[in-house]
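> This is the structure I have questions about; it appears just below.
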Amino acid sequence: MNIKSKFGYLCCASLLTTSLWAQDVLISTRNTSLLLDAPVGGEVRFIYYGDKLSTSDAATLLETEQKTFSAYPVYGLNCPSESALSVTHGDGNMTLQLEVIKVDTRKEQTADITTIRLKDKVYPFYMNLCYRTYPDADIIETWTEITHEEKKAITLNRFASAYLPIRKGDVWVSHLYGSWANEAQLAQEPLRPGIKMIKNKDGIRNSHTAHAEVMISLDGKPKENTGSVIGAALCYSGNYKLFFDTDDSDYHHFFAGINEENSAYTLKAKESFRTPELALTYSKDGLSGSSRNFHAWARKHKIANGATARKILLNSWEGVYFDINQEGMDQMMSDIQSMGGELFVMDDGWFGDKYPRNKDNSSLGDWMVDARKLPRGIEGLIADANKHGIKFGIWIEPEMANTTSELYEKHPEWVLKAPNREIVLGRGGTQVVLDLSNPEVQDFIFGIVDNLMTTYPEIDYIKWDANMSILNHGSQYLPSDQQSHMYIEYHGGFKKVCERIRAKYPDLTLQACASGGGRANYGVMPYFDEFWVSDNTDALQRIYMQWGTSYFFPAIAMASHISAAPNHQTFRVIPLKYRIDVAMSGRLGMEIQPKNMTEEEKTLCRKAIADYKTIRPVVQFGDIYRLVSPYDRLGVASLMYTSPEKDKAVFYWWKTEHFVNQHLPRVKMNGLSPDKKYRVCELNRIDNEPLAFEGKAFTGEYLMANGLEIPYNHIVDYHKQNDYSSRVLYLEEVK
Ligand code: DGJ
């Protein structure tokens, strides 16, 4: 629909037509709008982003708003401000001046794309500013496409995906930081004068130390269920830079894109460069509202198989580490099947011929089964899985090699290495990264998955690991004048491999793992079904990590496993009940040697797995409402998921500290229908007596206004008492 305004036309992205004249571009989703001014022959200007605009308000805004800021500032004229794009033309000129040529729209399968086509006033330099919207998601994806017809190659010095001005006020940013085994820690801070930057330079694992996503609370300290929040997620697997420049204007200036450091990109005439999408959302319902927007978009459009329920699995890593053998795998399969599990995944240690993989210092690249450990081969493992009636999955780390490997002996030229320098080695003192800019390497990596899947089509799941940073700046494939393309071409090659795998094996479940949570990003998620949140499986620390992760990623993608006590990373002894209650808030799995569990423990797990099957649709496809943050240090953390129809909900309550006579807040629920009545049933009960409200029904209105009084401790026999307490409540509508 084009609505004539005083100045031009409003394009509602859901119903678009093309106008050849001056355009005022209104891009709307169900509940949000972005308004730009894009007059032909003029600059494209930002007017508004936020709650959905009526067409009349949009028209009035076009007349009254100041249009102070470019929608995508470029460098060269008016230099003092930060810019999104800076180039050096073939003749050395470092300026850009882009004007609108036209605005058009087209339909993709499930989305609409609005393209604002821009050209430099003098040079044959072209840039498209693109916006994608979906009819069923409150997300606007934006990116740029750059090309030129200049005589000489140009250099892209800075090339952000997007820019957004944010009106000053009491604006706070929430973002994730961390490190190995402590990923996705939540930081919340007000934006202050100067630059607030969030960046990654790892080369491979871009979500260990920081995340490429932010929430921006526009009206004061971030709140979970109230307040206006803009969410932004860069959909990129490599190095990134997100920053806020708080200058002397009335605005904070937000930029997001590939980290251009050491990555200047030369573009020849007619070549094109596409920046990764920045996904933007807006919600009036606080941080949780923005999370729900990201989650719904992710499940529908941005994670592989987002509409398919995930299986409950046992992964072998913490159970046996590298000690893989046929009998051991069979025993683990038998045990997980007996507890109701649906899938067994054999982790690291199964491969290597000349160099057996007994620890982390050899064999990556030699993806042949170690017949000494597995004389019946993968066929034997699949036969065992079939015997137990479960599915089989396998671990690989395909982007890597060890210098102690047959692959490296054959192809030393396939690894990233700086010319004239000794190679810097990673994990195990021998690990190296394959050069994914090289098409032969891309074929090899695709072939690892393809060989496994053509030889053993029954493989149901692949855990794709990546345990090293890029430690050597040097591609042995790229020419010397393109060495600065290395990071970008690595991720371009990685994407191509992923696309080939997905085209051929759409139903295969793929887990993105990178030393734990190093690959939780929307660059990889279109190809992966889920990610491993962290190598730290300690339930208490997981509450904090999963809380942060849930800001941007849905539970269906968050692999969350019940592991042993004492925990292998923190050595904390946490009772099984609590470990289960935490793992059940994500994609439930186990990471334990079941033969070391008691019968009583197995029975508790069996019951939990059965119950998880009941609540799985609510957890994996429901809407999240975070209620009490562990980061607020109130002694308790709590969240819930509700079904889209609001007829079912699952409420989680985990005590995070334990003191005698402490006082915890009573937690109000959220996301229920006020008019519906819900029967409450506790899952994973260990108490001798049911809770007072077990089986009782309450209105949604009451539960959201008051919550339920949850006992602080479990009433169990004296010898079973401990300092942990948690509850999972299942709420079902009473008709
Ligand atoms: C790191 C992963 O995060 C672990 O889960 C495990 O797969 C190991 N690698 C295996 O080497």
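> What pairs can you find where one residue is in the stretch 453-471 and assigned to a loop (DSSP other than H, G, I, E, B), the other is among the polar types (S, T, N, Q) and near the ligand (Cβ under 10 Å from one of its atoms), and their Cβ atoms are less than 9 Å apart, with a gap of 6+ or different chains?
Cβ pairs passing all conditions: 465/511; 465/515; 466/515; 467/515; 468/515.
> Residue check: is residue 87 touching a His at 6+ places or on another chain (Cβ under 9 Å), surrounded by 16 or more Cβ atoms within 10 Å (Cβ to Cβ) and assigned to a strand (DSSP E or B)?
Against the criterion (touching a His at 6+ places or on another chain (Cβ under 9 Å), surrounded by 16 or more Cβ atoms within 10 Å (Cβ to Cβ) and assigned to a strand (DSSP E or B)), residue 87 qualifies.
> If the requirement is being of a type in the set (D, E, K, R) and under 29 Å from residue 168 (Cβ atoms), which of these qualifies: 107, 102, 52?
Criteria check complete, one pass: 52.
> Next question, about the same structure. Can you confirm whether the stretch 273-282 contains a residue that is crowded, with 22+ Cβ neighbours inside 10 Å, within 30 Å of residue 53 (Cβ to Cβ) and polar (S, T, N, Q)?
Within the stretch 273-282, one or more residues are crowded, with 22+ Cβ neighbours inside 10 Å, within 30 Å of residue 53 (Cβ to Cβ) and polar (S, T, N, Q).
> Criterion first (part of a helix (DSSP H, G or I), closer than 25 Å to residue 295 by Cα and either within 16 Å of the ligand (Cβ to nearest atom) or polar (S, T, N, Q) (or both)) does residue 542 satisfy it?
Yes; evaluated as a whole, the condition is true for this residue.
> Related question: (1) more than 16 Å from the ligand (Cβ to nearest atom); (2) more than 23 Å from residue 520 (Cα to Cα); (3) not hydroxyl-bearing (Ser, Thr, Tyr): which one isn't true of residue 564, the others all being true?
(1)
> Examine the stretch 614-632 for a residue that is under 13 Å from residue 656 (Cβ atoms) and free of Cβ contacts under 8 Å to residues at least 12 places away in the same chain, and state whether such a residue exists.
Among the residues of the stretch 614-632, at least one is under 13 Å from residue 656 (Cβ atoms) and free of Cβ contacts under 8 Å to residues at least 12 places away in the same chain, which makes the answer yes.
> Looking at the stretch 352-365, is at least one residue aromatic (Phe, Trp, Tyr), at pLDDT 95 or above and surrounded by fewer than 24 Cβ atoms within 10 Å (Cβ to Cβ)?
yes
> OK, next. Being more than 19 Å from residue 389 (Cβ to Cβ) and either away from the ligand (no atom under 12 Å from the Cβ) or touching a Cys at 6+ places or on another chain (Cβ under 7 Å) (or both) is true for just one of 353, 347, 330. Which residue is that?
353
> Also, I was wondering about something else. Any idea which of 357, 376, 372, 310 is of a type in the set (Lys, Arg) and under 30 Å from residue 225 (Cα atoms)?
Selected residue: 310, the only one of 357, 376, 372, 310 that is of a type in the set (Lys, Arg) and under 30 Å from residue 225 (Cα atoms).
> Give 288, 316 a once-over and let me know the one that is of a type in the set (Ser, Thr, Tyr), within 16 Å of the ligand (Cβ to nearest atom), crowded, with 23+ Cβ neighbours inside 10 Å and modelled with pLDDT of 95 or more.
Checking each option against the conditions leaves just 316.
> Still on this structure, please answer the following. Which one of these does residue 636 not meet: (1) surrounded by 21 or more Cβ atoms within 10 Å (Cβ to Cβ); (2) touching a residue at least 40 places away in the same chain (Cβ under 8 Å)?
(2)
> Identify the residue in the stretch 398-416 that is touching a residue at least 12 places away in the same chain (Cβ under 8 Å) and farther than 19 Å from residue 437 by Cβ and, among all such residues, is nearest to the ligand (Cβ to nearest atom).
402
> Next question. Sort out which residues of the stretch 523-539 are farther than 30 Å from residue 499 by Cβ and away from the ligand (no atom under 16 Å from the Cβ), and write them in order of number.
Once the filter is applied, which keeps residues that are farther than 30 Å from residue 499 by Cβ and away from the ligand (no atom under 16 Å from the Cβ), the stretch 523-539 yields only 539.
> Give all pairs with beta carbons closer than 6 Å in which a residue from the stretch 426-451 that is surrounded by fewer than 19 Cβ atoms within 10 Å (Cβ to Cβ) meets a residue that is in a helix (DSSP H, G or I); count only pairs at least 6 apart in sequence or on separate chains.
If the second residue must be in a helix (DSSP H, G or I), the pairs left are 446/497; 446/500.
> Can you find a residue in the stretch 699-720 that is in contact with a helix residue (DSSP H, G or I) (Cβ under 8 Å, 6 or more places away or on another chain), surrounded by fewer than 15 Cβ atoms within 10 Å (Cβ to Cβ) and more than 15 Å from residue 638 (Cβ to Cβ)?
No; the residues of the stretch 699-720 include none that is in contact with a helix residue (DSSP H, G or I) (Cβ under 8 Å, 6 or more places away or on another chain), surrounded by fewer than 15 Cβ atoms within 10 Å (Cβ to Cβ) and more than 15 Å from residue 638 (Cβ to Cβ).
> For the condition in a loop (DSSP other than H, G, I, E, B) and within 22 Å of residue 458 (Cα to Cα), what is the one hit in 348, 323, 335?
After applying the criteria, what remains is 348.
> Can you give me the ranges of the strands (runs of 3 or more DSSP E) entirely in the stretch 144-240 with at least 2 residues that are within 23 Å of residue 626 (Cβ to Cβ) and either touching a residue at least 60 places away in the same chain (Cβ under 8 Å) or touching a Pro at 6+ places or on another chain (Cβ under 7 Å) (or both)?
Per the criteria, 172-177, 185-190, 210-217, 229-234.
> Condition first: surrounded by fewer than 21 Cβ atoms within 10 Å (Cβ to Cβ) and farther than 15 Å from residue 515 by Cα. Now tell me which residues in the stretch 173-186 satisfy that.
177, 185 - these are the residues of the stretch 173-186 that are surrounded by fewer than 21 Cβ atoms within 10 Å (Cβ to Cβ) and farther than 15 Å from residue 515 by Cα.
> Among the candidates 393, 428, 447, which residue alone is within 16 Å of the ligand (Cβ to nearest atom), out of contact with any Ser or Thr (no Cβ under 6 Å at 6 or more places or on another chain) and in a helix (DSSP H, G or I)?
Residue meeting the stated conditions: 428.
> Okay, moving on. Quick check on my filter: what residues within the stretch 457-472 are in contact with a helix residue (DSSP H, G or I) (Cβ under 7 Å, 6 or more places away or on another chain) and surrounded by fewer than 17 Cβ atoms within 10 Å (Cβ to Cβ)?
Listed by number, the list holds a single entry, 458.
The values are calculated or read from the model by the stated rules, or taken from the named source; none is laboratory data. For clarity, every value in this text was computed on a predicted model and none was experimentally measured. With ideal geometry, Cβ positions are generated from the backbone for all residues, glycine too; neighbour counts draw on all protein chains shown.
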